[in-house]
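Take a look at the structure set out below.
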Amino acid sequence: MERRTAEVQRKTLETRISVRIDLDGTGQTRLGTGVPFFDHMLDQVGRHGLIDLDVQAEGDLEIDAHHTVEDVGITLGQAFARALGDKRGIRRYGHAYVPLDEALSRVVVDCSGRPGLTHEVDYRRARIGDFDVDLIHEFLQGFVNHAAITLQVDNLRGRNAHHIAETVFKALGRALRMAVEPDPRAAGTLPSTKGAL
């Protein structure tokens, strides 16, 4: 299998985003979105997913972080889909349970070609530092829509919003890692009875 990489840029009146991704990386990240907590969460995806990520963003942060976070999700989803290619020989499905102190989250992914998101998480408060927790859903929705994956995210327990968010992003990285891994028993075949994903 050739190395699976992609680079995508997105420019709007609200944001300028650049994403480079290597699905066969070692978890190296270079992150500069202007939203420190969001950078911290993206770092979890890269490191736990063994996905090299370079995400640079300039957005209208003087308004708030919504456009930046959502547009990073869109652009990262586009890069993910491009890097994944035709999906031959991958496992397709991935899942992970990740604890952090009192918090525990489960993420399940299907590289199905069909965007779908279930995000059942109660963050218990509106903000983590300066970060609006509603933006986690916006990021995931943008990512799912443009990566064309089905994603199920459930927080099973937790009280601390930072811990809960971190378990979600770590589990996302680990589930993506499992789903895109080459399956040596299915080399060159498409993991679908339909003949298309």
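A few points about this structure:
- For the chain, the solvent-accessible area works out to 47 Å² per residue, with a probe of 1.4 Å and every protein chain left in place.
- Neighbourhood net charge (13 Å Cβ-Cβ; Lys/Arg +1, Asp/Glu -1) for Val168: 0
- Using alpha-carbon coordinates, inclination of helix 66-84 to the longest axis of the chain, degrees: 10
- Comparing Ile17, Cys111, Thr33 along the charge dipole axis of the chain, the residue lying farthest to the positive side is Cys111, per the Cβ-charge model.
- Measuring r between the beta carbons of Asp86 and Ile63 and using R0 = 41 Å, the FRET efficiency lands at 0.55.
- Axis angle, to the nearest 10 degrees, between helix 134-147 and the longest C-alpha principal axis of the chain: 20 degrees.
- Note on Arg125/Ala187: beta-carbon distance plugged into 1/(1 + (r/R0)^6) with R0 of 41 Å gives a FRET efficiency of 0.30.
- Positive end of the dipole of the chain (Cβ unit charges, origin at the Cα centre): among Thr150, Gly195, Ala6, the Cα lying farthest that way belongs to Gly195.
- Paramagnetic reach from Arg3 in region 29-67 [backbone N under 17 Å; point 7 Å along Cα→Cβ]: 29-30, 50-55
- The chain, accessible surface, carbon-and-sulfur percent (1.4 angstrom probe): 46
- For region 122-174 and region 14-79, distance of Cα centres in Å: 14
- The charge dipole of region 62-170, taken about the Cα centre with unit charges on the Cβ atoms of Lys, Arg (+1) and Asp, Glu (-1), comes to about 700 debye, rounded to the nearest 20.
- Taking the Cα centre of region 111-180 as reference, the dipole from Cβ charges on Lys and Arg (+1) and Asp and Glu (-1) amounts to some 280 debye.
- Relative to the Cα centre, the charge distribution of the chain, modelled as +1 at Lys and Arg Cβ and -1 at Asp and Glu Cβ, gives a dipole magnitude of about 960 debye.
The values are calculated or read from the model by the stated rules, or taken from the named source; none is laboratory data. Everything numeric in this text was worked out from a predicted model, so none of it was measured. Here Cβ is always computed from backbone atoms with ideal geometry, including for glycine, and neighbour counts include all displayed protein chains. Side chains are part of the model used for accessible areas, which takes the heavy atoms of the whole protein and leaves out ligands, DNA and RNA. Shrake-Rupley method; radii C 1.70, N 1.55, O 1.52, S 1.80 Å.
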